[in-house]
Amino acid sequence: MKKLLLLGGSAQQIIAIETAKRLGYYTVLCDYLPDNPGQHHADKFYLVSTTDFDAVLKVAQDEKVDGVLAYASDPAAPTAAFVAEKLGLPGSPYRSVDILCNKDKFRAFLAENGFCTPAAKGYEDIAAAEADLKSGVFKFPVIVKPVDSSGSKGVGRIDSVSEIRETLEYAMSFSRGHKMIVEEFVEKYGYQIAGDGLSIDGRLVFRCFANDHFDPKCENPFVPVSASFPYNMPAEVHQKIHDEIQRLLTLLDMGTTTYNFDLRIDKDYNVYLMEIAPRDGGNYIPDIIRYCTGVDLVECSVKAAMGDPLDGIEMTPYDSFYAYYAVHSYTNGILKAIEIDEKAKSMIIEDHIIVKPGDRISTFTGANTTLGILLMRFDSMEQMLDMMDHSEKWISVKVE
């Protein structure tokens, strides 16, 4: 039986383990958390950090694995690429994956190759970033991000000098490598663009774009609370975005892999590749895409990691409307109830809420503070966009 090494065993990563087993592979799991739920689904478990290159490499060598996969995990993607390259397993070049997973390297690469990208600079020292911001190196507003975090953790916006220090310290606190990036804010036209895609031998054969939705009442208003499919722009805009992604993948010599997109366009339809992560999206985005298109990107991800052929993958138009919604709280406290309007309940096709009344919950600051995910189906684009933009009309989280 061929073996697949999976990096990460969170609740949202279990689907990759189960998919691999369904396809007939023996599953080996690494995770640094002793209570991760994925260990109960995998055939074998190692209590090893997914960002420890040498430790994961040793597991891969000892187990003689045939592939390695970091499903829906930015921090683990470079580890998977490193191990695959060392052992001659399927995957994209480590150097390219490292560029995509480190925001400062990614911004520099985009600028060097003529992509639309905001002015940006990486910092290891808070004082140096503070000095540049106070001296006018950047125009306000700016966005500050840890270069190596995921799930929008640590992201902040600075509009004035008085906000500099606190925002920089907040961002740096989420960086494993103690490094952050400051970049000028890109004004978007319409919705920010989310979604996933798949390349085969470097050619983007499939992509599915979505509208990103944010909740300005959240403590961190830069964390998406929903992605709704399809993206509400004309086909020519979809194609222009596709072409820019393809140009990037070609320059990076990417292989067969899945991607998660974070993009913007301006009023002139110039495309800004904010993030192109070499892994599937979290928050059950691949599940939503499967409902929309019939394409199973989880299965594609597993097969790609194992070097198995991917046949019959193609983009076809669809006329359905689906979204994920991240249930979230505005305050810390004890969960009293999650109240959902009866009509909205009828639109829920999968309920992945992970808390219950009596649990201690936190205010929404990143993907790690989500109370759970709802997958929903709608009757029209208008209905979908209205409900995702105004969730207070149909859901309420009660805290005491």
Being under 26 Å from Arg247 (Cβ atoms) and within 17 Å of the chain's Cα centre (by Cα) is the filter here; which residues of region 283-299 pass it?
Ile285, Pro286, Ile289, Leu297
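Here is a yes/no grid of residues against (1) more than 25 Å from Lys44 (Cβ to Cβ); (2) in a loop (DSSP other than H, G, I, E, B); (3) assigned by TED's automatic domain parsing to the domain that holds Glu169:
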position	(1), (2), (3)
Lys58	no, no, no
Gln61	no, no, no
Asp74	no, yes, no
Thr79	no, no, no
Phe106	yes, no, no
Phe109	yes, no, no
Gly114	yes, yes, no
Ala128	yes, no, yes
Ile143	yes, no, yes
Quick one: would you say Ser301 is crowded, with 21+ Cβ neighbours inside 10 Å, in contact with a helix residue (DSSP H, G or I) (Cβ under 9 Å, 6 or more places away or on another chain) and outside any loop (DSSP other than H, G, I, E, B)?
yes
Please give the number of the condition Gly282 fails out of (1) over 20 Å from Ser226 (Cα atoms); (2) small (Gly, Ala, Ser); (3) touching a Gly at 6+ places or on another chain (Cβ under 7 Å).
(1)
Given (1) under 19 Å from Lys103 (Cα atoms); (2) assigned to a helix (DSSP H, G or I), Met254 misses just (2)
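If you check Asn232, Asn220, which single one turns out to be surrounded by fewer than 22 Cβ atoms within 10 Å (Cβ to Cβ), touching a Leu at 6+ places or on another chain (Cβ under 9 Å) and either of a type outside the set (Lys, Arg) or outside any helix (DSSP H, G or I) (or both)? Give the steps one after another, and end with the answer.
Values: Asn220 fails: touching a Leu at 6+ places or on another chain (Cβ under 9 Å).
Unique residue meeting the criteria: Asn232.
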Name the single residue that is surrounded by the fewest Cβ atoms within 10 Å (Cβ to Cβ) among those in region 169-206 being in contact with a helix residue (DSSP H, G or I) (Cβ under 6 Å, 6 or more places away or on another chain) and over 30 Å from Ala127 (Cα atoms).
Gly202
Within region 63-79, is there a residue that is at pLDDT 95 or above, closer than 23 Å to Thr256 by Cα and surrounded by fewer than 16 Cβ atoms within 10 Å (Cβ to Cβ)?
yes
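Would you confirm whether or not region 356-363 contains a residue that is at pLDDT 95 or above, surrounded by 12 or more Cβ atoms within 10 Å (Cβ to Cβ), part of a helix (DSSP H, G or I) and in the same structural domain as Asn232 (by TED's automatic domain parsing)? Before you say what the answer is, go through the steps one by one.
First pass over region 356-363, keeping only residues at pLDDT 95 or above: 356-363.
Going one step further and asking which of them are surrounded by 12 or more Cβ atoms within 10 Å (Cβ to Cβ), we end up with 361-363.
With part of a helix (DSSP H, G or I) added as a condition, the list becomes none.
No: zero hits.
The values are calculated or read from the model by the stated rules, or taken from the named source; none is laboratory data. What you are looking at is a predicted structure, and each value in this text was computed from that prediction instead of being measured. Using ideal geometry, Cβ is built from the backbone for each residue, glycine included, and neighbour counts are taken over all protein chains shown.
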